[in-house]
């Protein structure tokens, strides 16, 4: 069955009353069978996506960074040694730049095609906390807007076959004295009168709305816009595997405008501001599997650019498979937005476990009419959650600016199967717009236990509950909140 045909079958089976009344299809109605066909047709796309996601292969060549002057001990900068080692490996046709056991201090590392930065077990890369080491500025994205800014700690742009692998540790050394105070919040070390990112952030966003060319959006010293940790920009065939990432200035893993991305077996443990674990942005064909997230912000957040800049670039995040990940602290586990103006589609997540009193949500979609964009064809199955602080599923059109722009977001075709949770404030928290409702949300075989408050449902059309239980009671219908 084609995806269009399966969608029509699903819509034919929906039973929604006036004003978005939510109705549970009765057994034997035929609707569950139609929705099952729709679910099967959607997940049948996953093998094709995975067939295209092939980690890069590298020549059997090791280049030791210590052969180029890197000295263990963590006190003598090895930035030049890494630059020379990467160049030598690339020029020889590719291979691994190997960091042996020990502590090494470095500034930014820029990878080139066919180079795998490999950290041996027992190796730790500690990155400089001097912002001047990350200049001159490079072409990057900051909160979904393109600019010239501090280099990410590990960076590549326009390369093919690049990787960061191994059992070692990447330590950004960010803390309440370095990088984090720039957020402008006292809990991260900022004090009244100290510099912070607010003025530069506002200026950057104005530039984007005014259409200022990216080459003229130059930021750096005195602007306090923190860099991401790992950012591969406009690259093909990307692998990030095995490493542990701690104390990041900002987003931890940030592939942007990339195709064929694998993030596998990564431990992301960092509790600073905007310390999202993995943020693929405007990427196509992405696999995130067997990772552990314990973060200060969203665990996995799928993005596609912010506001006018996201619409200008016009690249969605699409064909994403998330599986067998474990999530502890964070604002959300599986998140789309809020920088999603380029759209998001064909998102699949399965067999993940989430549990923490400091994890707010399982599935979160955050947007507004300033962002615009679309989110469609999101499929979750076999997700287990212990405790979350807020809602198990939260879709909110009133994020940040709220309904303050002309670009109504489109969120439709969200399908969740066999999700269980043990404790939360809400089961569902869904808020659309009267003239742009959330559409076609289907939940089947889900159990939400330990729920403290009634679900919030505002401006939702086609929300169907099929064998859904809240606090042990089967829910057949929910009236709209407003």
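What follows is calculated from the coordinates using simple rules that are stated; it is not laboratory data. Please read these numbers as outputs of a predicted model, since none were measured by experiment. When we count neighbours, we look across all protein chains shown, and the Cβ atoms used for this are built from the backbone with ideal geometry, even at glycine.
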*segment 319-337 to segment 59-138: how many Å between their Cα centroids?*
30
_Is the C-alpha gyration tensor of segment 407-460 telling us rounded, prolate or oblate? Criteria: a/c under 1.5 is rounded; beyond that, a/b larger than b/c is prolate, otherwise oblate._
oblate
*Between the helical axis of 31-43 and the dominant principal axis of the chain, each derived from Cα atoms, what acute angle in degrees is found, rounded to the nearest 10?*
20
*What Kirkwood radius, in Å to one decimal, follows from the Cα pairs of segment 79-121?*
10.6
*Size of the chain along its principal axes in angstrom, Cα-based, largest extent first?*
72, 51, 39
*Pairing the Cα long axis of helix 79-91 with the longest principal axis of the chain, what angle in degrees results, from 0 to 90 and rounded to the nearest 10?*
80
_How would segment 135-199 be classified by its alpha-carbon gyration tensor: rounded, prolate or oblate, with rounded meaning a/c under 1.5 and the a/b versus b/c comparison settling the rest?_
oblate
*At what distance in angstrom do the alpha carbon centres of segment 241-307 and segment 404-432 lie from each other?*
22
*Mind ranking 372-382, 288-298, 336-346, 67-77 by how tightly packed they are, going by the mean number of other C-beta atoms within 10 angstrom, highest first?*
336-346, 288-298, 372-382, 67-77
*In percent, how large is the relative contact order of the chain, given Cα pairs closer than 8 Å and 6 or more residues apart?*
11
*Kindly provide the helix-only [θ] at 222 nm of the chain, computed as the sum of -39,500 (n - 2.57) over DSSP H runs of four or more divided by all residues, to the nearest 500 deg cm²/dmol?*
-4000 deg cm²/dmol
*Where both partners of a DSSP beta bridge lie in the chain, what percent of those bridges are antiparallel, to the nearest 5?*
10
*Would you work out if segment 140-276 is rounded, prolate or oblate? Take a ≥ b ≥ c from the square roots of the eigenvalues of the alpha-carbon gyration tensor; rounded if a/c is under 1.5, else prolate when a/b is larger than b/c, oblate otherwise.*
oblate
*asked:* Students often check this: by mean Cβ neighbours within 10 Å, which of 46-59, 433-446 ranks highest, and how do the rest follow?
replied: 433-446, 46-59
*Approximate shape of segment 228-339 as ellipsoid semi-axes (Cα gyration tensor, √5λ), whole Å, largest first*: 20, 16, 12
*Could you state the angle between the C-alpha long axis of helix 198-209 and the longest principal axis of the C-alpha atoms of the chain, as a value from 0 to 90 degrees rounded to the nearest 10?*
70
*Rank-order 181-191, 313-323 by packing density, defined as the average count of other C-beta atoms within 10 Å over each peptide's residues, highest first.*
313-323, 181-191
*Out of all DSSP beta bridges with both ends in segment 403-482, state the antiparallel percent to the nearest 5.*
15
